[in-house]
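Report on one structure; see the data block that follows.
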Amino acid sequence: MRTELLDLLQCPNCSSGELELIQKENNGSYIKNGEITCFSCGLKMGINGGILNSVFRLNPEAQDELEGHKIMLLRERNGLTDEWLLGLPDSYSIIYPDREWVDELADTQDLIKRISLSSGALILDLGAGTCWATNLLTQLGFRAIALDISTEKFVGLDSAEIFINYYGNYFERVLSDMGFELPFKSNSFDGVFCRSSIHHSHNIKKTIAEIKRVLKPKGKLGIIEASKGIFDKQKTFGQKEKCIYKINEHIYSYIEYKGMLRESGFEFTVYNVPSLWKKFDLFSQGKKPKIKLPLKHKIVSFAVRLFWKNSCIKRLIKKIISNYYVLLAYLFGLQVIIIAHKREDKIDKKT
Ligand SMILES: [Zn+2]
């Protein structure tokens, strides 16, 4: 980390902003090793390899997730190289063939466009994982901070060094559990990004409340998430392997997201992800995902094969889906882009 980060930090245990930084090793660009101590409660947070470690208690679900990452990495390690990291997000499909069905780059670019923050804005990438998107934000001129529960290279924050060394643009990395208090002062960020990460939280309501707290009064929250429809009974994503890996894959309906955001004081708008059109393109080419498709997807796939090649009908379908996306997400559970901002609290006028 760099010393400037200290201005944004507060103790995740007692919320005090009175912190002492001790540098043990500085490579000329950033502090590689050191320690931050809270004056109030005495909590110590280590800085290891440039990453600030603010985790001081472990939730069993978060612990399971970390174990799950390790098991998954052992299986995938042959394909995982520094080049693979630099090729993200497209290179995900080399290891996870079903990722061919999403266009994460297009979805993320759409999120960045829709959140419309000005260059230099400070963005927290919550659940940043391998940090490819944090790196993208940094390339685009934002000041981005990556936060994740894992440091594991190829899954978590240790991957960031590859991007920083290759592109020469520095960004901060903070190890933290998003289900507890975040180690940042209130009203710090212009934007918070949660790209397919918020459903991993072991306490999603707490996570949303913390996002609201660390956002500036006019700050914006950008979410990309899958959702389940009103008729779906499942409690997790239907990926058996991930469950074996013990990675938290909670799934919420659009209505649940709506309720949680409103309750926390957010106003928001919902959009479709560009990935949806990629799925339709692949369906129209007769491709099928490796996973077994539920009936509703089979019907969509059939309809798309009939009509998607006609450009007039394609335009019409796109228009109808975009216009009625909230309803479709509510009924069938679709991946959504949510752009939220803090509701302005009414100021009490003293008479
Ligand atoms: Zn403290």
Calculated log₁₀ intensity ratio I(q)/I(0) where the Debye formula runs over C-alpha points of the chain, q = 0.07, 0.12, 0.14 Å⁻¹: -0.31, -0.91, -1.24
Global form of region 54-143, assessed from the alpha-carbon gyration tensor, a/c cut-off 1.5: oblate
Sorted by Cβ density within 10 Å, fewest first, the residues Leu334, Leu66: Leu66, Leu334
Tensor-based shape of region 276-328 (alpha-carbon gyration tensor, a/c under 1.5 rounded, otherwise prolate or oblate): oblate
Integer Hz, Karplus 6.51/-1.76/1.60 couplings in order for region 13-22, x for Gly and Pro: 8, 10, 6, 6, x, 8, 10, 10, 9, 10
Distant-in-sequence amide H partners of Leu221 (H built 1.01 Å from N, under 5 Å): Val192, Ala340, His341
Point-charge dipole on Cβ atoms (K/R +1, D/E -1) for the chain, about Cα centre, debye to 20: 1780 debye
Under-5 Å amide H pairs with His202, H placed in peptide plane, nonlocal only: Gly179
Region 1-49 shape via C-alpha gyration tensor axes, a/c threshold 1.5: prolate
Sorted by Cβ neighbour density within 10 Å, fewest at the top, the residues Glu256, Glu161: Glu256, Glu161
Antiparallel DSSP beta bridges within the chain, percent to nearest 5: 60 percent
Centre separation in Å (Cα based) which lies between region 90-128 and region 283-307: 25 Å
Neighbour-count ranking [beta-carbon atoms within 10 angstrom, fewest first] of Cys41, Cys131, Cys11, Cys312: Cys312, Cys41, Cys11, Cys131
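Values in this text are rule-based calculations from the coordinates and carry no lab data. These numbers come from a predicted model, not from an experiment. For neighbour counting, all protein chains shown are included, and Cβ atoms are generated from backbone atoms with ideal geometry for every residue, glycine included.
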